[in-house]
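The values are calculated or read from the model by the stated rules, or taken from the named source; none is laboratory data. Values in this document were obtained by computation on a predicted structure and should not be read as measured data. Cβ atoms come from the backbone with ideal geometry, glycine included; neighbour counts cover every protein chain shown.
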Amino acid sequence: MKRLFDVVGFGALNVDKLYKVNKIAGPEEEGFIISCEETCGGSAANTIVGLARLGCRVGFIGKVAGDREGKMLIEDFCREGADTRGIVKVKTGRSGVVMGFVDQKGERALYVDSGVNDTIEFEEVNKKYAYETKILHLTSFVGEKSFETQKRLVENLPKNVKISLDPGELYARKGLKTLSPILTRSFVLMPNAKEIALLTGEKDYVAGAETLLKMGAKIVAVKLGSRGCYVTDGKEKHHIEAFKVQVVDTTGAGDAFCAGFLYGLINGKPLYECGKIGNFVASKCIMKMGARTGLPRIEELKLLL
């Protein structure tokens, strides 16, 4: 039976308020704002938009309030062609916001105001919606309630729905035992080098990837920033160099990589090519300010393939 979606995301929905600054100020230091802009974000949401631009059928599970930010988030998804029927809309509370400060080298510091993101109850989630996808892509929440909802949903998913997890630092700090209900069911894990060390206790990301494969993951893709990525399924092992581009803002680079990598998996590409596509989409992202502005369309990707 043909399923409705290629990928459904399940994670926090945030409006990113990004400030370009002369430097990331430390304690007792001052800096100044060069420019600012407001864009839609959230890790899984950015990945879903990236996949939508590459022609994939996508949906989302999340939660917003009835405020200006909530309307912004829904409208942006609709413009990108993402299905929003899995998003819970409540009248009270506030939608998620991230305050981001980006220096002139593209490095950043983020402060998260979770809002209703951390209040998702299992009973609110449309289970049939989640069953209608090839891949369910999970990213982190700050609070425990929505994390517990993710775990319960994973436990109740049909076996033919594959799990993709981008843990982020928040979930990596939980450790293997706490994350094991999701890790053992995951088809693909996509941490960065710092996250894999936090999660597994292995300083060497190659050894960390092996640990995650032993837990049940079929594929591990480690995001290495300017060094590209390392991908393995236990049989194949590839270090794939990054594309050399002018960095404007690294916000959303990891999310963009996930979009490219999942696109490759959905379309049956070899593991090496999945990593290369991930690097390409990430390279386009970091050439523009914000997590979504630079995400490429399928026409640009076809020039690479």
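Test of understanding: among Gly290, Gly252, which residue is closer than 22 Å to Phe10 by Cα, touching a Gly at 6+ places or on another chain (Cβ under 8 Å) and crowded, with 23+ Cβ neighbours inside 10 Å?
From the options Gly290, Gly252, the qualifying one is Gly252.
Which condition breaks for Pro158 when tested against (1) more than 19 Å from the chain's Cα centre (by Cα); (2) in contact (Cβ under 8 Å) with a residue 12 or more places away in the chain; (3) in a helix (DSSP H, G or I); (4) loosely packed, with under 15 Cβ neighbours inside 10 Å?
It is condition (3) that Pro158 fails.
List every residue pair whose Cβ atoms sit under 7 Å apart, with the two residues 6 or more apart in sequence or on different chains, where the first one lies in the range 234-255 and is more than 18 Å from Lys276 (Cα to Cα) and the second, anywhere, is among the small types (Gly, Ala, Ser) and crowded, with 18+ Cβ neighbours inside 10 Å.
Correct list of pairs: Asp249/Gly290; Thr251/Gly100; Thr251/Gly290; Thr251/Ala291.
Could you say whether any residue in the range 129-141 is out of contact with any strand residue (DSSP E or B) (no Cβ under 9 Å at 6 or more places or on another chain), in contact (Cβ under 8 Å) with a residue 12 or more places away in the chain and part of a helix (DSSP H, G or I)?
yes
Name the single residue, out of those in the range 5-24 being assigned to a strand (DSSP E or B) and hydrophobic (A, V, I, L, M, F, W, C), that is farthest from Ile286 (Cα to Cα).
My answer is Phe5.
For the list (1) modelled with pLDDT of 95 or more; (2) farther than 17 Å from Leu303 by Cβ, I need the number of the one condition that Tyr263 fails.
(2)
Looking at His137 and the list (1) of a type outside the set (Gly, Ala, Ser); (2) touching a Cys at 6+ places or on another chain (Cβ under 8 Å); (3) surrounded by fewer than 18 Cβ atoms within 10 Å (Cβ to Cβ), which single condition is not satisfied?
Exception for His137: condition (3).
Considering the range 42-100 alone, what residues qualify as being more than 20 Å from Phe122 (Cα to Cα), assigned to a loop (DSSP other than H, G, I, E, B), touching a helix residue (DSSP H, G or I) at 6+ places or on another chain (Cβ under 6 Å) and touching a residue at least 40 places away in the same chain (Cβ under 8 Å)?
Leu54, Gly55
Provide a single number: the residues in the range 31-57 that are in contact with a strand residue (DSSP E or B) (Cβ under 9 Å, 6 or more places away or on another chain), of a type in the set (A, V, I, L, M) and farther than 16 Å from Ala12 by Cα.
4
What helices (runs of 4 or more DSSP H), lying completely within the range 212-305, carry at least 1 residues that are within 30 Å of Asn22 (Cα to Cα) and either touching a Phe, Trp or Tyr at 6+ places or on another chain (Cβ under 6 Å) or not acidic (Asp, Glu) (or both)?
The qualifying helices (runs of 4 or more DSSP H) are 253-266, 271-285.
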